[in-house]
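Chemist: The structure follows.
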Amino acid sequence: MSESSSVQKVEADYTAHASSAMPEAAEKTVAGNTVDVAAHGIAGKEIDFTPEQAARVRRKIDWVLMPLMCTMYMMQFADKTTLGQAVPLGLFAGTHINQNQFNWLGTIFYLFFLAFEWPQNLALQRFPIAKWMSINIFVWAVALLCHAAATSFGGLFACRVFLGICEGAITPGFLIVTSMFYTRQEQSQRVGYWFLMNGAAIILLGLVSYGFLHTHTHKFMPWQWLMIFTGVITLVVSVVFWFAFPDSPHTAWFLTPEERIIAVERIKVNQSGVENKTFKRNQFIECLKDPKTYLFFFMSAISNVTNSLSNQRQIIVSGFGFNPIQTTLIGCVDGVVEIIVIFCTVTSATYWKQGRSYSGILAYIVAIFGSILVNALSSHHRVGLLFAYWISITSIAPFVVILAWSAAVTAGHTKRITMNAIVMIGYAVGNSAGPQYWKKVYQPRNHVPWAILSACWAATAVLMLITRIYLSQENKKRDSEPYDGSHDEVYITETKEDGSKEEVRVDKAFLDLTDIENREFRYVL
């Protein structure tokens, strides 16, 4: 079914349900700051557009948002994994650190990410999203450039602190923007597009690192050139982001006034609005009481205990018996594998009807098979070990599904930013713990770490299935309830151009209701 026909079906079902329901609700007027910001631009207006116009607007959004988001996410991932890529370029010798200190540099990044995740999400609600992310990207770039001047564990420690603080704005900000511009049907695929740029970053770092391996400069090592290279690119991206990235559909510079209205109307089917700049305490509390919040938290935390695999990849592959140059070039293949598995998984999650959880579980099954092979194969079969390692990279894809899924089943702007924060806190908790089990004593085969990876992937797959069952039961419960018309006749007072006041009706989709308050909301599975 096409996107336009899907939207029309939902709206038709909604209308039919409403017309056969309870008596008409009493009219009420609410304060303008309690409703979605989009309501002020479209409330009381008759909107009439064709599926072709909606598709054209979506294409314009894609052509602007996707290149910017993909480029930024590629540099974000490149920047935080540059440390691992720097190992074969002489990082340990240049900074006099050991394996244990290297592991702590990975942990400290996520500890500060964890500490600042909630303040970052509050700032994303309070300030213009694009501008706040741009500031964080700029600070991030400066901190990355400072890595090149670090000559000790303490210097690297300080740089990683600032990277951890700033990263907390990027993924939550992207999730909010994706939910502003795209329908729930489209969100998994779009999140997948910018997330698969992690693979592109690995390819970029692999090729650049290979080049820097052949540099010979006085008192400036190859790993330092890598930091300078990635830092400069990120600095440029931050400037472009400031001027080109939109804060929301109703202020998007690349859309005409008519197209902005279509962009907002297009996502009405989400029943979650665009944004609201007012922090609502009741939505915050509701999120903390909602069982699915903790399901997504634990999925995020447990799945990201295994994310340390990305920072250890150079050490793992060298442990199979490959030299530094081979290890660096092989890293490019890692990126290709990530792109393929993420694309396949999010495409499956998008087009497999109610198949988000099943797509993630299937990817975990493949990853567990790969990790078992890594532990079972003999050290003499280094090519077999390498292919088994690549199979295990499939584990990166389900987290993309988890991110998009958590956003798609949460409505109410304050509740959504709270959910994003909690999911990303889980992400930080998992990533903080992850580096600590890659002990020197387990090298070169790392049997214990690979067993931990398998257990975490299996546990997350079970949680995904439990979440699906829970949300499915909630949908069935709502299907059996009588229609709730209490939000059908809600008005806000708008000031006209001549200064007079008028009462305009606000569609339920733009009342900034939570998924629990809006009983017409249905959870995607």
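The values are calculated or read from the model by the stated rules, or taken from the named source; none is laboratory data. Quantities reported herein were computed from a predicted structural model and do not represent experimental measurements. Neighbour counts are summed over all protein chains in view; Cβ atoms, including those assigned to glycine, are modelled from backbone coordinates with ideal geometry. What goes into the accessible areas is simple: the full protein's heavy atoms, side chains included, and nothing from ligands, DNA or RNA. Shrake-Rupley method; radii C 1.70, N 1.55, O 1.52, S 1.80 Å.
Chemist: How many Å² of accessible area per residue for region 372-496, probe 1.4 Å?
Modeler: 35
Chemist: Rounded to the nearest 10 Å², what accessible area does Trp225 have for a 1.4 Å probe in the complete protein model?
Modeler: Rounded to the nearest 10, that gives 90 Å².
Chemist: What are the extents of the Cα atoms of region 370-451 along their three principal axes, listed from largest to smallest and rounded to whole Å?
Modeler: Cα extents, longest axis first: 55, 24, 13 Å.
Chemist: Can you pull the percent of region 409-494's accessible area that's carbon plus sulfur, 1.4 Å probe, other chains left in place?
Modeler: Within region 409-494, the accessible surface is 67 percent carbon and sulfur.
Chemist: Starting from 0.36 nm per residue, how many nanometres of slack lie between Phe369 and Thr215 once their C-alpha separation is accounted for?
Modeler: That pair, Phe369 and Thr215, stretches by 51.5 nm at full extension.
Chemist: How big is the gap, in Å, between the Cα center of region 168-208 and the Cα center of region 212-277?
Modeler: Each part reduced to its Cα centre gives a spacing of 11 Å.
Chemist: Counting alpha carbon pairs within less than 8 Å and at least 6 residues apart, what relative contact order, in whole percent, applies to the chain?
Modeler: Taking the mean separation of contacting Cα pairs over the length of the chain, I get 27 percent.
Chemist: Extension gain His380-Asn475, at 0.36 nm per residue separation less the Cα-Cα distance, in nm?
Modeler: Length difference between fully extended and current span is 28.9 nm.
Chemist: So what's Rg/Rh here for the chain, counting alpha carbon atoms and using the Kirkwood radius for Rh?
Modeler: Radius of gyration relative to Kirkwood radius: 1.00.
Chemist: Step through the residues of region 168-180 one at a time and calculate ³J(HN,Hα) from phi using the Karplus curve (6.51 cos²θ - 1.76 cosθ + 1.60, θ = phi - 60°), rounding each to whole Hz and writing x for Gly and Pro.
Modeler: x, 8, 7, 4, x, x, 5, 5, 5, 5, 4, 6, 6
Chemist: Stokes-Einstein at 4 °C, 1.567 mPa s, Kirkwood radius from Cα pairs: D for region 62-212 in µm² s⁻¹?
Modeler: Stokes-Einstein gives a translational diffusion coefficient of 79 µm²/s.
Chemist: Run the quick spin-label model on Gln443 and Val462: label points 7 Å from Cα toward the beta carbon, then report their separation in nm to one decimal.
Modeler: Taking the simple label geometry, Gln443 and Val462 are separated by 3.3 nm.
Chemist: So what is the accessible area of region 124-274 per residue, in Å², with the probe set to 1.4 Å?
Modeler: Accessible area per residue: 34 Å².
Chemist: For region 49-122, what number results from the quotient of the Cα radius of gyration and 2.2 N^0.38 Å?
Modeler: 1.77
Chemist: Still on this model: May I ask for the angle, rounded to the nearest 10°, between helix 324-351 and the longest principal axis of the chain, with both axes built from Cα atoms and the value confined to 0 to 90°?
Modeler: On a 0 to 90 degree scale, this one is about 20.
Chemist: Can you pull the accessible area of Thr251 for me, 1.4 Å probe, Å² to the nearest 10?
Modeler: Roll a 1.4 Å probe over it and Thr251 shows about 70 Å².
Chemist: Further question on the same structure: Can you pull out the trypsin sites (Lys or Arg not before Pro) in region 41-117 that DSSP calls coil and that have at most 14 other Cβ atoms within 10 Å?
Modeler: Answer in residue order: Lys45.
Chemist: Okay, helix-only estimate at 222 nm for the chain: each DSSP H run of n ≥ 4 adds -39500 (n - 2.57), divide by all residues, round to 500 deg cm²/dmol; what do you get?
Modeler: That calculation yields -22500 deg cm²/dmol at 222 nm.
Chemist: Carbon and sulfur together cover what percent of the accessible area of region 116-256 at a 1.4 Å probe radius?
Modeler: Ligands and nucleic acids excluded, carbon and sulfur reach 78 percent.
Chemist: Quick check: pseudo-label points 7 Å beyond the Cα along Cα→Cβ at Ser486 and Ala451, how many nm apart are they?
Modeler: Distance between label points: 5.4 nm.
Chemist: Under a 1.4 angstrom probe, counting protein chains only, how are Glu117, Glu503, Glu52, Glu259 ranked by accessible area, largest first?
Modeler: Glu52, Glu503, Glu259, Glu117
Chemist: May I pose another question? Evaluate the distance, in nm, between pseudo-label points positioned 7 Å from the Cα of Val239 and of Arg59 along their respective Cα→Cβ axes.
Modeler: In this crude spin-label approximation the distance works out to 3.3 nm.
Chemist: Further, regarding this structure: Just by accessible area at a 1.4 angstrom probe, what is the order of Phe153, Phe77, Phe116 from largest to smallest?
Modeler: Largest accessible area first, the residues go Phe116, Phe153, Phe77.
Chemist: Something else now. Just to be sure I follow: if Rg is taken over the C-alpha atoms of region 120-196 and Rh is the Kirkwood radius over the same atoms, what is Rg/Rh?
Modeler: Taking Rg over the Kirkwood Rh, I get 1.10.
Chemist: Which order do you get for Leu235, Leu226 if you rank them by accessible area with a 1.4 Å probe, largest at the top?
Modeler: Greatest to least solvent exposure: Leu235, Leu226.
Chemist: Pulled fully out, how much extra length does the chain show between Leu288 and Ile340, if you take 0.36 nm times their separation in residues and subtract their Cα-Cα distance?
Modeler: 15.1 nm
Chemist: Moving on to the next point. Given Lys292/Lys477; Lys268/Lys508; Lys289/Lys415; Lys28/Lys508; Lys60/Lys131, which pairs have Cα atoms separated by over 18 Å?
Modeler: Beyond 18 Å: Lys60/Lys131.
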